[in-house]
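The values are calculated or read from the model by the stated rules, or taken from the named source; none is laboratory data. What you see is a predicted model; the values in this text were computed from it and never measured. All Cβ positions, glycine included, derive from the backbone under ideal geometry; neighbour counts span all protein chains shown.
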Amino acid sequence: MKWKTVVATFVLGTSLVSGGTAASADTSLNVDLDKGTSHFIKNHLEAKNVMSEKGVKQFFKTNEDLLNLKYGRDLKLLSSETDELGMTHYVFHRVIQNVPVANSKIVVHTDKSGNVTAVNGEFHSEAPEKVRQLKDFNKHQAVDYAWDHIDVDRVEADKVQKSELGEDFHTLTENSDLVVYHEDGEYTLAYHVELQFSQPYPANWQLYINAETGEVLKAANVLHEATGTGTGVLGDTKTLNTYAYNNTYYLFDTTKPMSGVIETFDNYGGQYSSLPGYYVTDTGNTFYSERQKAAVDAHYYAGEVFDYFYDTFGRESYDGNGADIRSTVHYGSNYNNAAWTGNQMIYGDGDGSTFTYLSGADDIVAHELTHAVTDTTAELIYENQSGALNESFSDVFGYFVDSEDWLMGEDVYTPGVSGDALRSLSNPNAYNQPDHMDEYQNLPNTEAGDWGGVHINSGIPNKAAYYTINSLGMAQSEQIYYRALTVYLTPSSNFTSAKAALEQSAQDLYGSSAASAVTQAWNNVGVY
Ligand code: L5W
Ligand code: ZN
Ligand code: CA
């Protein structure tokens, strides 16, 4: 940074505040007004009776040497406003050949008597009087360059959205204006292009494109992380990781230690074909409405399950590689189910008597995300014994995430009845599931037969997990189960091979007595 000595023509003293440091002087001061950094000059500036634009013009003339700015050449008045204290604030653009310098404003403040109390802003007092004016393309072409650069399909970004009330609206905004872009003392004619949209992801792209060459000088998506609050399905208040753009907050969490994001959508109208639906938004970052409850919990619990896998096993998202975790709530109509579709989660609202909003249970969210982990690791085929293992591992990790009870889905199952649940690891029989091979049900491998009873025979490995956890404790058991799922199990593994996989994992991690505890757990359910 170059410092410039300015001889000031002030009547009394002047003080300068810049970049957090303050200095004062009588008739001379070291002022770095040349670059684009912001400066604040106050006290006793030589100017009286500044009651109008004409007066400000005179002020700049009087202080031309100090500020190294010429009124007509370097400044363009944008606005003037008088506040409730009677002070008036004259806002100027710093211009070169009448083109505004990007991100530069100079503001002159006067008190009610017309004394200038301060001048601040980005002075650029050493900027050139002229910049190269060649423009090889126009502002509309600059917008096309910008879309190419960010690699987003404009048609998708301009898709009609639905508001919370179901009204159609568009969120795409495109602006393109000629500016002087400055960086490291270089001043270049450029188009400042803004692309703001909420699909396929919320974005506020700010790009500067060289007006002569089309080179992208700078591109940044300047959305801001925020922390919101919301009401969950059970009426509890939670803190949410959100994103702010254009006075709108999105259920879009970029805070997790992974490349991907956690994002939550609403399937307005229940169109099955329109997944993922629309981002859940709120103008106040307070997601308190009835409609938002299911989304609040889907978003919050997806974060909780991410944290569980990351903190316990170092796993970054379900694929171990930072994939986006996407959820859609209000899926279908009175849908008593939730699912991992192969690339996202969907949650029904329930019919209000069998289930309320299914995302309201953290063990269900963990169950669904564990299906995603299984799909990218053991890939257990969803039929017969391998399918029952697939289901069981989802229930077991549902327990690890929500280990206060052995029940599955109790928070949202039969909202009018307390104490019941969908399944139980400790007592499968109480929920119409076998808990021993003697009770194994041979069912048809069809949808009606639950693909060979995947949600029924899972009671047997679930009970084995219950015995294992009781014997070894949760801390060892969760490592054993994770290792079996990610290292030993294969698509066609059956109950016997699951027993072997878990024994081997226990042996690897904790030795033979842990392996024996696993053996005993599976013997108890008749798997030898
Ligand atoms: C809860 C209701 C059924 C658990 N999926 C399941 O395989 C359920 C999804 C959400 O068992
Ligand atoms: Zn399942
Ligand atoms: Ca539970």
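So if I check each of GLY284, GLY235, GLY277, which one is over 23 Å from ILE364 (Cβ atoms), of a type in the set (Gly, Ala, Ser) and either touching a Cys at 6+ places or on another chain (Cβ under 8 Å) or free of Cβ contacts under 8 Å to residues at least 60 places away in the same chain (or both)?
Result: GLY284 is the single residue among GLY284, GLY235, GLY277 that is over 23 Å from ILE364 (Cβ atoms), of a type in the set (Gly, Ala, Ser) and either touching a Cys at 6+ places or on another chain (Cβ under 8 Å) or free of Cβ contacts under 8 Å to residues at least 60 places away in the same chain (or both).
In region 77-115, which residue that is under 39 Å from the mean Cα position of the chain (by Cα) and among the basic types (Lys, Arg) is farthest from VAL131 (Cα to Cα)?
Restricting to residues being under 39 Å from the mean Cα position of the chain (by Cα) and among the basic types (Lys, Arg), the top hit is LYS105.
Check off (1) part of a loop (DSSP other than H, G, I, E, B); (2) over 27 Å from ASN246 (Cα atoms) for GLY284 and give me the number that stays unchecked.
So GLY284 meets the others, but not (2).
Let's see how each residue does on (1) at pLDDT 95 or above; (2) surrounded by fewer than 22 Cβ atoms within 10 Å (Cβ to Cβ); (3) away from ligand 2 (no atom under 16 Å from the Cβ):
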| position | (1), (2), (3) |
| --- | --- |
| GLY387 | yes, yes, no |
| TYR399 | yes, no, no |
| GLY416 | no, yes, yes |
| ASN429 | yes, yes, yes |
| ASP435 | yes, no, yes |
| GLU439 | yes, yes, yes |
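Here are the criteria: (1) crowded, with 24+ Cβ neighbours inside 10 Å; (2) at pLDDT below 95; (3) more than 12 Å from ligand 1 (Cβ to nearest atom). Tell me which single one SER327 does not satisfy.
For SER327, the exception is condition (2).
Go through the residues of region 275-283 one by one and say whether even a single one is within 14 Å of ligand 1 (Cβ to nearest atom) and either at pLDDT 95 or above or more than 18 Å from the chain's Cα centre (by Cα) (or both).
Taking every residue of region 275-283 in turn, none turns out to be within 14 Å of ligand 1 (Cβ to nearest atom) and either at pLDDT 95 or above or more than 18 Å from the chain's Cα centre (by Cα) (or both).
Just a yes or no: is a residue in region 443-461 of a type in the set (Ser, Thr, Tyr) and closer than 22 Å to THR354 by Cβ?
Taking every residue of region 443-461 in turn, at least one turns out to be of a type in the set (Ser, Thr, Tyr) and closer than 22 Å to THR354 by Cβ.
For the structure I just gave you, tell me whether ASP311 is closer than 20 Å to THR374 by Cβ, outside any strand (DSSP E or B) and without any contact (Cβ under 8 Å) to a residue 40 or more places away in the chain.
So ASP311 fits the description; yes.
Run down GLY235, GLY230, GLY260 and say which single residue is part of a loop (DSSP other than H, G, I, E, B), modelled with pLDDT of 95 or more and not charged (D, E, K, R).
Result of the check over GLY235, GLY230, GLY260: GLY235.
Can you name the residue in region 314-362 that is touching a residue at least 40 places away in the same chain (Cβ under 8 Å), within 18 Å of LEU234 (Cβ to Cβ) and among the small types (Gly, Ala, Ser) and, of all such residues, is nearest to ligand 2 (Cβ to nearest atom)?
The residue in question is ALA361.
Restricting region 333-348 to residues that are within 13 Å of ligand 1 (Cβ to nearest atom) and within 17 Å of TYR279 (Cα to Cα), which is surrounded by the most Cβ atoms within 10 Å (Cβ to Cβ)?
Top of the filtered list is TYR347.
Among (1) at pLDDT 90 or above; (2) in a strand (DSSP E or B), which single condition is ALA127 missing?
The single condition ALA127 does not satisfy is (2).
Go through region 376-400 and give me each residue that's of a type in the set (S, T, N, Q) and either more than 32 Å from the chain's Cα centre (by Cα) or within 16 Å of ligand 3 (Cβ to nearest atom) (or both).
Answer for region 376-400, where residues must be of a type in the set (S, T, N, Q) and either more than 32 Å from the chain's Cα centre (by Cα) or within 16 Å of ligand 3 (Cβ to nearest atom) (or both): ASN384, GLN385, SER386, SER392, SER394.
Conditions first: (1) hydroxyl-bearing (Ser, Thr, Tyr); (2) within 16 Å of ligand 3 (Cβ to nearest atom); (3) under 34 Å from the mean Cα position of the chain (by Cα). TYR481 passes all but one, so which condition is the exception?
Unmet condition: (2).
SER426: within 16 Å of ligand 3 (Cβ to nearest atom), in contact (Cβ under 8 Å) with a residue 40 or more places away in the chain and more than 32 Å from the chain's Cα centre (by Cα), yes or no?
When the stated conditions are applied, SER426 passes them.
I want to confirm something. Restricting to region 401-414 and keeping residues that are in contact (Cβ under 8 Å) with a residue 60 or more places away in the chain and within 13 Å of ligand 1 (Cβ to nearest atom), which single residue is surrounded by the fewest Cβ atoms within 10 Å (Cβ to Cβ)?
Once the filter is applied, the top-ranked residue is THR414.
Name every residue in region 187-235 that is among the small types (Gly, Ala, Ser), touching a helix residue (DSSP H, G or I) at 6+ places or on another chain (Cβ under 9 Å) and closer than 19 Å to LEU172 by Cα, in order of residue number.
Selection gives SER198, ALA203, ALA219.
Show me the helices (runs of 4 or more DSSP H) entirely contained within region 457-528 in which 2 or more residues are over 24 Å from ILE381 (Cβ atoms) and among the small types (Gly, Ala, Ser).
Those helices (runs of 4 or more DSSP H) span 474-483, 512-524.
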